[in-house]
Amino acid sequence: MRPTLFARASHFPFPKAVVPRYTIPSLESIPHTALVNNGFGEGSYFIKKTKFNHWPVYKKITNQSKITTEIKRIEGDIELFRRDLLKLNPDLKITVNKTAGYVNIKGDVVEEIKEYFNEGLN
Amino acid sequence: MFKQIRTLATQASNAKPAFHIGQPPQYTLASLRTFPSLEPHTFIPLPAKFFAAPNVRRDQLWSAVVFEADKARMGSGNVPTKGDKPFSNRKLRPQKGTGNARLGDANSPHMDNGLKPFGIKAPHDWSTDLPTKVYAQAMQHALGSKYKEGKLYIIGEGEGVKKHESDDSSIDFKYDHESQGPEFVKRHNLQNLNLLFITEDVKSNLVAGTASLAKKADVQVKEDVEVRDILKANRIYIELSALQWLIGKYST
């Protein structure tokens, strides 16, 4: 909500930092594998670590009782990732959110998934 | 409390887990053109995360558009209430003895007098909140979807750009004349299309030249561009420096 007239009158905004512009790299510096038609997404996927170098795997509690494990930041073929997880542990109950690139697994399996990632994704 | 007993847990196999990891693309290519011929001269690499995201998040676009529309509302609606006291304070009839119900003055909102209980008063604020990251992603998806449809034309100066005498590497007409905009539309066959010009700073010839196109052409300085403007446009002409500024501002 917008602040009241009094709050606006008595507030002196701190000057904002200048937005750094995106610098366009030269064409020669880019390998062809870094371009969009490198075949990524068909039979492959990628999960990026967080900036603190952790896997994006979280325990999620909804309604104080429903416990799921959420894997975020999945790019590419998310159905293939689901099948790969099921090969490792066929008992996992997995749902997939393709739009957001999330995978939800029933129950708290955070440590198990992180173990798979440390062995297989590193 | 949340302790789970996983009776069906199985032992993980000792073999190394087989994940199919690939490297996502980092860059996508776009043509760099000159204005007003729109002739392509060279390619420039742009971030793939911004322009080539596989899923367009329509939910985020919707949130951003609602956020902008709420912010744009004036909040000038005003309704007379009892507090405005349009009538006298005189008691309409005696408290007792008439046989009718008790009645005070004519300012009561239950009477047929146009007054509303708790009516809205101007000015009021309809603006809503949206996380900055959601708005930034909406901007990415809006620009990215136009790029994928081939409706984004980037005008700028780059290596190997050989331009004609009449061409320029910024979006502006050479002369201040009202026929420049309609001529541009005619030459490029853009009749009945919504055009959006995004410039680094105010371009007076462009504003004057496109004035006769009325609602079919929108000229915006980079700071004023909204997600709504981008989604409405059928063709977007953007200066390279303005695009670099937008990418810098709306990268998540």
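List of remarks:
- Close amide H partners of B:Ala217, meaning residues 5 or more places away or on another chain with modelled amide H under 5 Å apart, are B:Leu195.
- The mean number of Cβ atoms from other chains found within 10 Å of a Cβ in peptide B:238-249 is 3, as a whole number.
- The range A:1-75 - accessible surface per residue (Å², probe 1.4 Å): 78
- Per the Debye calculation on the protein assembly as shown with a single equal scatterer at every Cα and no solvent contribution, log₁₀ I(q)/I(0) for q = 0.06, 0.10, 0.11, 0.13 Å⁻¹ amounts to -0.41, -0.86, -0.95, -1.12.
- For the range B:75-125, the Cβ-based charge dipole about the Cα centre amounts to some 360 debye (Lys, Arg positive; Asp, Glu negative; other atoms uncharged).
- Given 13 as the ceiling on other Cβ atoms within 10 Å, longest exposed-site-free region of chain B for GluC sites (Glu not before Pro) in DSSP loops: B:1-148
- Around B:Ala106: net Lys/Arg minus Asp/Glu count, Cβ-Cβ under 14 Å: +2
- Taken one residue at a time, the phi angles of the range B:80-90 give Karplus couplings (6.51, -1.76, 1.60, θ = phi - 60°) of x, 10, 4, x, 6, 6, x, 10, 6, 7, 5 Hz. Gly and Pro are set to x.
- Karplus-derived 3J(HN,Hα), 6.51/-1.76/1.60, for each residue of the range A:7-13, Hz, glycine and proline x: 5, 5, 5, 9, 10, 10, x
- Relative to the Cα centre, the charge distribution of the protein assembly as shown, modelled as +1 at Lys and Arg Cβ and -1 at Asp and Glu Cβ, gives a dipole magnitude of about 2120 debye.
- Cα centroid separation - the range B:39-117 against the range B:132-181, whole Å: 38
- Association of chains A and B removes close to 3900 square angstrom of accessible area from solvent, both sides included, for a probe radius of 1.4 Å.
- Mean projected area in nm² (Cα convex hull; one quarter of hull surface) for the range B:75-125: 3.9
- Each DSSP beta bridge with both residues in the protein assembly as shown is either parallel or antiparallel, and the antiparallel ones are about 60%.
- Peptide A:14-24 is shielded by partner chain Cβ atoms: per residue, an average of 5 of them sit within 10 Å of its Cβ.
- Axis angle, to the nearest 10 degrees, between helix B:132-148 and the longest C-alpha principal axis of chain B: 50 degrees.
- Proportion of all alpha-carbon pairs of chain B beyond 32 Å (%): 49
- The residue list B:Ser76, B:Thr98, B:Pro86 was ranked by how far each Cα lies along the charge dipole of the range B:75-125 toward its positive end, using unit charges on Cβ atoms, and B:Thr98 comes out on top.
- Sites matching trypsin sites (Lys or Arg not before Pro) across the range A:50-81 that sit in DSSP coil, with at most 11 neighbouring C-beta atoms within 10 Å: A:Lys51
- Rolling a 1.4 Å probe over the heavy atoms of the protein chains gives the range B:84-237 an accessible area of 60 Å² per residue.
- DSSP beta bridges in the range B:142-252 [antiparallel fraction, %, rounded to 5]: 0
- Shielding of peptide A:96-108 by partners, expressed as the average count of other chain Cβ atoms within 10 Å per residue Cβ, is 2.
- Comparing Cα centroids, the range A:1-65 and the range A:70-85 end up 20 angstrom apart.
- Stokes-Einstein diffusion coefficient of the range A:49-119, Kirkwood radius over Cα pairs, 20 °C, 1.002 mPa s, in µm²/s: 172
The values are calculated or read from the model by the stated rules, or taken from the named source; none is laboratory data. Keep in mind it's a predicted model, so treat the numbers as computed, not measured. Reconstructed Cβ throughout: ideal geometry from the backbone, glycine too, with neighbour counts over all protein chains shown. Side chains included, ligands, DNA and RNA excluded: accessible areas come from the protein's heavy atoms. Shrake-Rupley method; radii C 1.70, N 1.55, O 1.52, S 1.80 Å.
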